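Asker: I'd like to ask some things about the structure below.
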Amino acid sequence: MTDQNASPHVCSHRHSFSLDNIFRSLIQPPKKIVGPYIAEGDTVIDLGCGPGFFTLPMAELAGNAGHVIAVDLQSEMLAKIRKKLDGSPLKNRITLHRCRADSLNLDESVRADFVLAYYMIHETPDQPAFFKAIKKILKPGGKVLVVEPPFHVNKKAFSKSMEYAEKSGFTVLETPRRKGGLAMLLSVKPEPTLFA
């Protein structure tokens, strides 16, 4: 069954093996990549989660008191995670959520300590709107890790994404290395305070 809402720019669920295999886990170890940003009890959102390469390790890092929301456009990708969770103790820590092509479609009450957007920002049709949507779901002090594939996204395009993020109210805290591609760690700019 084909997802009628899937964009032609989105990596198809038919290629999910390339996104989740032992070889990838050796060159892009999930806990090493996201571990520095997730604490016990955190609420974490995995945007464009695919078959769950980062989702399950993030649920382990967030612990029993934590929660991961795995968000994807393709129901087939979410089905792959659901299958992995059968009989898993992580099942209660993970919520599977299908977004729309034009919206994260998340409840307005959702607030995350950490958001991961791995190899997916370049697939979004409207990056400025996407960054604004991420800003709405982030807790004060929360962080967003964006990583883009160097084989699809050049430095000029990545700089443009960084510009969109900054115009949407984010501060680039750093451009970390060894994350598997071009990376930026974001946080929301603090609102200016007025003193009487």
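Asker: Looking at segment 165-183, is at least one residue modelled with pLDDT of 95 or more, of a type outside the set (Gly, Ala, Ser), out of contact with any strand residue (DSSP E or B) (no Cβ under 7 Å at 6 or more places or on another chain) and farther than 20 Å from Val34 by Cβ?
Answerer: Yes - at least one qualifying residue is present in segment 165-183.
Asker: Now a separate question. State which residue is nearest to Ala183 (Cα to Cα) when the search covers only segment 127-149 and only residues that are without any contact (Cβ under 8 Å) to a residue 40 or more places away in the chain and open to solvent by less than 80 Å² (accessible area, probe 1.4 Å). Explain how you work it out, then say what you get.
Answerer: First, the residues of segment 127-149 that are without any contact (Cβ under 8 Å) to a residue 40 or more places away in the chain: 127, 129-133, 136, 148-149.
Restricting the remaining residues to those that are open to solvent by less than 80 Å² (accessible area, probe 1.4 Å) gives 127, 129-131, 133, 148-149.
Values: Gln127: 16, Ala129: 20, Phe130: 17, Phe131: 15, Ala133: 19, Glu148: 6, Pro149: 9 Å.
Residue satisfying both the conditions and the ranking: Glu148.
Asker: Identify the residue in segment 107-122 that is free of Cβ contacts under 8 Å to residues at least 60 places away in the same chain and in a loop (DSSP other than H, G, I, E, B) and, among all such residues, is most open to solvent (accessible area, probe 1.4 Å).
Answerer: Here the residue is Glu108.
Asker: Right, Asn92: exposed (fewer than 15 other Cβ atoms within 10 Å of the Cβ) and assigned to a loop (DSSP other than H, G, I, E, B) or not?
Answerer: On the way: exposed (fewer than 15 other Cβ atoms within 10 Å of the Cβ): yes; assigned to a loop (DSSP other than H, G, I, E, B): no.
No.
Asker: Would you check which residues across segment 22-74 are farther than 20 Å from Gly180 by Cα, open to solvent by 20 Å² or more (accessible area, probe 1.4 Å) and touching a strand residue (DSSP E or B) at 6+ places or on another chain (Cβ under 6 Å) and list them?
Answerer: Hits for segment 22-74 are Asp42, Thr43, His67.
The values are calculated or read from the model by the stated rules, or taken from the named source; none is laboratory data. Note that the coordinates shown come from a computational prediction; the quantities given were computed from them, not determined experimentally. Neighbour counts run over all protein chains shown; Cβ positions are idealised from the backbone, glycine included. With ligands, DNA and RNA removed, areas are computed over all heavy atoms of the protein, side chains included. Shrake-Rupley method; radii C 1.70, N 1.55, O 1.52, S 1.80 Å.
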